[in-house]
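Structure, as C-alpha coordinates:
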Amino acid sequence: MDSTKTAVISGGLIVEKIAAFEPAHTFLSDTIAVLVTINANSSLGWKKAGYLTQYFDAPLGLSGLAQGESKFVQLFRPSIFRMRNFPSDYKVSFDVPKYFEDCTFKVWEFTG
(Lines give C-alpha, C1' and ligand atoms only; values in the text may rest on other atoms or scores of the structure.)
Protein backbone atom coordinates (compact mmCIF):
# COMPACT_ATOMS: atom_id res chain seq x y z
CA MET A 1 0.00 0.00 0.00
CA ASP A 2 1.28 3.42 -0.91
CA SER A 3 -0.74 6.54 -0.06
CA THR A 4 -0.12 10.28 0.28
CA LYS A 5 -2.30 12.72 2.21
CA THR A 6 -2.16 16.49 2.74
CA ALA A 7 -3.44 18.61 5.62
CA VAL A 8 -5.93 21.43 5.03
CA ILE A 9 -4.03 24.70 5.36
CA SER A 10 -5.56 28.17 5.56
CA GLY A 11 -3.60 31.38 6.08
CA GLY A 12 -0.42 29.36 6.62
CA LEU A 13 -1.96 27.39 9.51
CA ILE A 14 -3.11 23.78 9.57
CA VAL A 15 -6.87 23.85 10.11
CA GLU A 16 -7.49 20.14 9.54
CA LYS A 17 -4.80 17.60 10.34
CA ILE A 18 -4.10 14.58 8.17
CA ALA A 19 -6.41 11.66 8.94
CA ALA A 20 -4.84 8.38 10.02
CA PHE A 21 -3.73 5.97 7.31
CA GLU A 22 -5.86 2.83 7.67
CA PRO A 23 -5.26 0.39 4.82
CA ALA A 24 -8.20 -1.93 4.07
CA HIS A 25 -5.78 -4.85 3.66
CA THR A 26 -5.87 -7.66 6.24
CA PHE A 27 -2.33 -8.77 7.03
CA LEU A 28 -1.69 -12.49 7.35
CA SER A 29 2.08 -12.38 7.92
CA ASP A 30 3.66 -11.35 11.21
CA THR A 31 6.34 -9.36 9.33
CA ILE A 32 5.73 -6.01 7.64
CA ALA A 33 7.87 -3.14 6.40
CA VAL A 34 6.95 0.55 6.73
CA LEU A 35 8.30 3.77 5.24
CA VAL A 36 6.98 7.23 6.16
CA THR A 37 8.15 10.36 4.35
CA ILE A 38 7.14 14.02 4.26
CA ASN A 39 8.07 16.91 2.00
CA ALA A 40 11.78 17.47 2.60
CA ASN A 41 11.21 21.25 2.83
CA SER A 42 8.93 20.82 5.83
CA SER A 43 11.00 18.32 7.80
CA LEU A 44 13.02 20.87 9.85
CA GLY A 45 15.14 18.03 11.17
CA TRP A 46 12.18 15.99 12.45
CA LYS A 47 12.90 12.31 13.06
CA LYS A 48 9.65 11.08 14.57
CA ALA A 49 6.99 9.94 12.12
CA GLY A 50 4.58 8.58 14.71
CA TYR A 51 3.25 5.19 15.75
CA LEU A 52 2.02 2.23 13.77
CA THR A 53 -0.74 0.39 15.62
CA GLN A 54 -1.96 -3.13 15.01
CA TYR A 55 -5.70 -3.90 15.26
CA PHE A 56 -7.58 -7.17 15.12
CA ASP A 57 -11.15 -8.40 15.52
CA ALA A 58 -12.12 -8.32 19.17
CA PRO A 59 -12.09 -11.77 20.79
CA LEU A 60 -14.79 -13.53 22.80
CA GLY A 61 -17.71 -12.31 20.70
CA LEU A 62 -17.10 -8.61 21.37
CA SER A 63 -17.85 -6.32 18.45
CA GLY A 64 -15.34 -4.01 16.80
CA LEU A 65 -11.56 -3.99 16.77
CA ALA A 66 -9.10 -4.46 19.62
CA GLN A 67 -5.69 -2.81 19.76
CA GLY A 68 -2.60 -4.99 19.50
CA GLU A 69 0.99 -3.83 19.39
CA SER A 70 2.17 -0.28 18.78
CA LYS A 71 5.52 0.44 17.06
CA PHE A 72 7.51 3.68 16.84
CA VAL A 73 8.25 4.73 13.24
CA GLN A 74 11.04 7.10 12.21
CA LEU A 75 10.81 9.47 9.24
CA PHE A 76 12.67 8.60 6.04
CA ARG A 77 13.89 5.28 7.47
CA PRO A 78 12.51 1.95 6.20
CA SER A 79 11.60 -0.23 9.17
CA ILE A 80 10.76 -3.91 9.46
CA PHE A 81 8.44 -4.99 12.27
CA ARG A 82 7.38 -8.39 13.59
CA MET A 83 3.99 -8.50 15.23
CA ARG A 84 4.56 -11.16 17.87
CA ASN A 85 1.45 -11.00 20.07
CA PHE A 86 -1.14 -11.35 17.29
CA PRO A 87 0.75 -12.57 14.23
CA SER A 88 -2.05 -12.95 11.68
CA ASP A 89 -5.41 -11.61 10.54
CA TYR A 90 -4.82 -8.03 11.63
CA LYS A 91 -5.03 -4.50 10.24
CA VAL A 92 -2.78 -1.50 10.86
CA SER A 93 -3.28 2.20 11.45
CA PHE A 94 -0.72 4.99 11.28
CA ASP A 95 -1.63 8.23 13.04
CA VAL A 96 0.08 11.30 11.61
CA PRO A 97 1.42 14.04 13.94
CA LYS A 98 -0.78 17.15 13.90
CA TYR A 99 2.01 19.38 12.58
CA PHE A 100 2.67 17.42 9.34
CA GLU A 101 1.52 19.32 6.24
CA ASP A 102 1.82 16.24 4.04
CA CYS A 103 2.71 12.59 4.54
CA THR A 104 3.38 9.52 2.42
CA PHE A 105 2.83 6.14 4.08
CA LYS A 106 4.01 2.88 2.54
CA VAL A 107 3.54 -0.58 4.00
CA TRP A 108 4.55 -3.96 2.63
CA GLU A 109 3.67 -7.43 3.89
CA PHE A 110 6.31 -10.15 3.89
CA THR A 111 4.91 -13.09 1.92
CA GLY A 112 8.10 -15.07 1.31
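Results, tabulated for the structure shown:
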quantity: Selection within segment 74-101 - closer than 20 Å to T26 by Cα, at pLDDT 90 or above and surrounded by 14 or more Cβ atoms within 10 Å (Cβ to Cβ); calculated: S79, F81, M83, Y90, K91, V92, S93, F94, D95
quantity: Residue check for V15: touching a strand residue (DSSP E or B) at 6+ places or on another chain (Cβ under 9 Å), in a strand (DSSP E or B) and buried (at least 17 other Cβ atoms within 10 Å of the Cβ); calculated: no
quantity: Sole residue being at pLDDT below 90 and within 16 Å of the chain's Cα centre (by Cα), chosen from G50, G64, G68; calculated: G68
quantity: Residue satisfying condition, being of a type in the set (G, A, S) and outside any loop (DSSP other than H, G, I, E, B), within set G50, G45; calculated: G50
quantity: Number of positions in segment 33-42 that are in a loop (DSSP other than H, G, I, E, B) and modelled with pLDDT of 90 or more; calculated: 1
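The values are calculated or read from the model by the stated rules, or taken from the named source; none is laboratory data. Remember, predicted model here, so these are calculated numbers, not experimental data. Counting neighbours? That spans all protein chains shown, and the Cβs are built from the backbone with ideal geometry, glycine included.
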